[in-house]
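Taking it in order: structure first as structure tokens, then the write-up.
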Amino acid sequence: MRLGIDVGGTFTDLVGLTPDGEVRVGKVPSARHALTGDAWTVVGDWRADQGEAVLVHGTTIATNALLERGGARVALVTTAGFEDLLWLRRQDRPELYRLDADHPPPLVDREDVIGVHERIGASGVVTPLAEAEVTRVVDAVIARQPEAVAIHLLFSFLDPGHERLLETALRAALPGVPIVAGHEVLPVFREFERGSTVSAEAYLRPLVAGYLGRMQQEAQASGVAEVRVMASSGGTLSVAQAGTRAASLALSGPAGGVEGARLVGAQLGLGDLLTLDMGGTSADASVILDGEPLLQAAGNVGGAPLSLPHVLIETVGAGGGSIASVDAGGALRVGPESAGAV
């Protein structure tokens, strides 16, 4: 049996496809950071007469963590002199005519950024990374008691040697704390994009890995043989892969809606589509051309720039449970507050 479970902020939707082609659907209220017991009860009832099942899961846990700033405390280790990189960004203005407009703050606090006296350039090592410097940096990270560590050094996409030295030392000193290196997450040039993405990965990984680990155990207890997780690109990852690519789940749930629309269009012989996926809290729109979703190599979620492939999706904070209100100027507003599953 094949199962699909999409967890939104308001409801959890379930679909089951039996080997003989029967389609079953279910809907239960969502809970934060976990699949509810009601959802697993539905799964158990469905597969009781079907044997083992394969589950494909779409989740908004990473999306909501970025929107609500509910991720881990991150220590960022970066090349000395570039500690302010995430705040300088690309020096582009968020709005053309508002002089007081500002970008959303980075996912890392400024006091948790640690500069490393080392330097790799385009032609090789400029300043070697000394053993004493590695020890100093490790001690500085330990003193901050982070929940995750991001390592982002210049030109690590060409030569990851210095990042690997720091990564090895930090893993030994902080067992159980996720250590995320830029050359593993995004081994490409452009230091701001790489730094922002590796910071987001570290920010999300403890929450996402914990959620997926609990879900894997619950799935096995419910007779589910395999779990696949929707990625922002519209494909799927194993639980082990998703746990180390948390930033790739930033648009997990909405991407599943676009992929579903693409498949429906293919069955109808329609290659060009506008898609609208409305939940209880938000509505997501996208475009499919010639039977393929539009993809982006970079974007941002909740003000956090991410340079990872994802389906092009525009989101507005208005859904089936959105609350209408009148603002200070007397204008009618809809959302982003939602009544949830009430």
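The values are calculated or read from the model by the stated rules, or taken from the named source; none is laboratory data. It should be emphasised that the depicted structure is a prediction, and the values quoted were computed from it without experimental measurement. So basically every Cβ, Gly included, is an ideal-geometry build from the backbone, and we count neighbours across all protein chains shown. The area values use the complete protein model at the heavy-atom level, side chains included, leaving out ligands, DNA and RNA. Shrake-Rupley method; radii C 1.70, N 1.55, O 1.52, S 1.80 Å.
Only protein atoms count toward the accessible area here, which uses a 1.4 Å probe; on the range 70-155, the carbon and sulfur part of that area reaches 51 percent. Of 78, 107, 127, whose Cα points farthest to the positive end of the dipole of the range 49-145 (charges on the beta-carbon: +1 Lys, Arg; -1 Asp, Glu; origin at the Cα centre)? Farthest along the dipole direction, towards plus: 127.
For the range 72-167, trypsin sites (Lys or Arg not before Pro) meeting the loop criterion (DSSP other than H, G, I, E, B) and having at most 13 other Cβ atoms within 10 Å: 90, 98.
Summary: within the chain, the longest segment free of GluC sites (Glu not before Pro) located in DSSP loops with at most 12 other C-beta atoms within 10 Å is 96-342. The fraction of Cα-Cα pairs per 5 angstrom bin, counted from 0 for the range 157-251, comes to 2, 13, 19, 22, 19, 13, 7, 4, 2, 0 percent, rounded to whole percents. Taking Cβ atoms as reference points and 12 Å as the exclusive limit, the residues near residue 292 contribute a net charge of -2, counting Lys and Arg as +1 and Asp and Glu as -1.
On a per residue basis, the chain carries 49 Å² of accessible surface, using protein heavy atoms and a 1.4 Å probe. Ranking 142, 157, 183 by Cα position along the charge dipole of the range 132-284, where only Lys, Arg, Asp and Glu carry charges on their C-beta atoms, puts 142 farthest toward the positive end. Summing +1 for each Lys or Arg and -1 for each Asp or Glu among the other residues whose beta-carbon sits under 12 angstrom from that of residue 234 gives -1. Expected output is a single nm value to one decimal: the length gained when fully extending between residue 91 and residue 127, i.e. 0.36 nm times separation in residues minus the C-alpha distance. What is it? Extending this stretch completely gives an extra 10.2 nm.
Amide H to amide H, with H built 1.01 Å from N, residue 300 comes under 5 Å of 306, counting only residues 5 or more places away or on other chains.
In the context of the full protein assembly, residue 232 retains an accessible surface of approximately 10 Å², using a probe radius of 1.4 Å and ignoring ligands and nucleic acids. Taking other residues whose beta carbon is less than 13 angstrom from the beta carbon of residue 44, and scoring Lys, Arg as +1 and Asp, Glu as -1, yields -3.
Test of understanding: in a Gaussian network model of the chain with alpha carbons linked when under 10 Å, which of 150, 225, 101 would top the mean-square fluctuation ranking? Among 150, 225, 101, the largest GNM mean-square fluctuation belongs to 101. Accessible area per residue (1.4 Å probe, heavy atoms of protein chains only) ranks 63, 236 as 236, 63, with the largest value leading. From the C-alpha coordinates alone, can you work out the Kirkwood hydrodynamic radius of the range 1-50, in Å? Hydrodynamic radius (Kirkwood, Cα only) of the range 1-50 equals 11.1 Å.
Rounded to the nearest 20 debye, the dipole magnitude of the range 147-219 is 100 debye, with +1 charges on Lys and Arg beta carbons, -1 on Asp and Glu beta carbons, and the Cα centre as origin.
Of all DSSP beta bridges in the chain, what percent run antiparallel (nearest 5)? Roughly 65 percent of the beta bridges in the chain run antiparallel, per DSSP.
Working from the Cα coordinates of the range 204-265, the gyration tensor eigenvalues give, after taking √(5λ), semi-axes of 21, 16, 8 Å in decreasing order. Taking the three principal axes of the alpha carbon atoms in the chain, the coordinate ranges are 64, 55, 39 Å, sorted in descending order. Surface composition of the range 197-285: carbon and sulfur atoms hold 55% of the protein heavy-atom accessible area at a 1.4 Å probe.
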